[in-house]
Amino acid sequence: MVGLNGIRYAPQIAAAAARHHVDPRLLAAVAAQETGGPSSDSGNNIVGDGGHGHGIFQIDDRWHAFANTPSAADPAANADYAAGMLEDLLQRYGGNVRAALSAYNAGSPGATGTVTEWPDGARLGYADSVLQHLSRIEGAGDIRSSAYTSDVGASGTADGAGGSSSPIGAPSGPAPVATIPTDQSSLQPFRSFASELQTAGAACEDADRRMASLLDPNDAGGDAA
């Protein structure tokens, strides 16, 4: 398949991308970031994130009704769902790919998000790591952005899995570091936080209302206990 040679689930990814007007190579790069790792440009159809992330795009069952259905394990349906979310985010941010990817992962268009350490020692924020996968898929060389690496210090915790991400409006802190082993048998997937933006079939704007519903109405001052 043109543009997706050697990529697992290429037909499903290409079909989903076509339906949602998304670059199939970009969608494949997101899959590689979520369930592949820096040594692979293909995703894996797995359950991860403590049992909450489903399929090659790790749709989270805590936020998406879709993830609680058998379809979540179907690569075609999983890819279609992820492509729909990415399409919505690209529209929301005026076609800005980096902003859409950052929001897909961390809920904010300007977030660094999950940091991945690549074999060459580069430590890339989520959007740049996806773009690195995209670069490899396209065969066009490295794509790196100092905007996502300059604020990442030399220290970090590498635990073999994707770190947590703050919900929209939560205080920011040091970005987690994710190191993925090259041995696919012990692969731990990245956690996808696209699910924190939307429930199934809902617009991105619903996220603010969901977060607001968690506030204690008796806490008139709004201060933390």
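The values are calculated or read from the model by the stated rules, or taken from the named source; none is laboratory data. Owing to the predicted nature of the structure, the values given are computational and were not obtained by experimental measurement. With ideal geometry, Cβ positions are generated from the backbone for all residues, glycine too; neighbour counts draw on all protein chains shown.
Summary table below
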quantity	calculated
Criterion violated by VAL30 - all others in (1) at pLDDT below 95; (2) within 18 Å of ASP88 (Cβ to Cβ) satisfied	(1)
Count - residues of segment 50-62 that are over 12 Å from the mean Cα position of the chain (by Cα) and surrounded by 23 or more Cβ atoms within 10 Å (Cβ to Cβ)	2
So THR112, is it in contact (Cβ under 8 Å) with a residue 60 or more places away in the chain, of a type in the set (Ser, Thr, Tyr) and over 19 Å from ARG136 (Cα atoms)	yes
From the options THR182, THR157, residue that is surrounded by fewer than 18 Cβ atoms within 10 Å (Cβ to Cβ), at pLDDT below 90 and in contact with a strand residue (DSSP E or B) (Cβ under 9 Å, 6 or more places away or on another chain)	THR157
Residues of segment 1-49 satisfying the condition of being without any contact (Cβ under 8 Å) to a residue 60 or more places away in the chain and among the small types (Gly, Ala, Ser)	GLY6, ALA10, ALA14, ALA18, ALA31, SER42, GLY43
Residue selected from segment 94-109 under the condition crowded, with 23+ Cβ neighbours inside 10 Å and free of Cβ contacts under 8 Å to residues at least 60 places away in the same chain, by the criterion nearest to the chain's Cα centre (by Cα)	SER102
Qualifying residue in segment 37-48 (condition: surrounded by fewer than 20 Cβ atoms within 10 Å (Cβ to Cβ), farther than 22 Å from GLY125 by Cβ and modelled with pLDDT under 95)	no
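Table: residues versus (1) more than 24 Å from ILE137 (Cα to Cα); (2) touching a helix residue (DSSP H, G or I) at 6+ places or on another chain (Cβ under 6 Å); (3) assigned to a helix (DSSP H, G or I).
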| residue | (1), (2), (3) |
| --- | --- |
| ALA32 | no, yes, yes |
| GLY43 | no, yes, no |
| GLN91 | no, no, yes |
| LEU101 | no, yes, yes |
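To keep it simple, each residue is scored yes or no on (1) aromatic (Phe, Trp, Tyr); (2) modelled with pLDDT under 95; (3) out of contact with any Lys or Arg (no Cβ under 6 Å at 6 or more places or on another chain).
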site	(1), (2), (3)
ILE56	no, no, yes
THR69	no, no, yes
ALA72	no, no, yes
PRO75	no, no, yes
ALA83	no, no, yes
TYR93	yes, no, yes
ALA103	no, yes, yes
ALA111	no, yes, yes
VAL115	no, yes, no
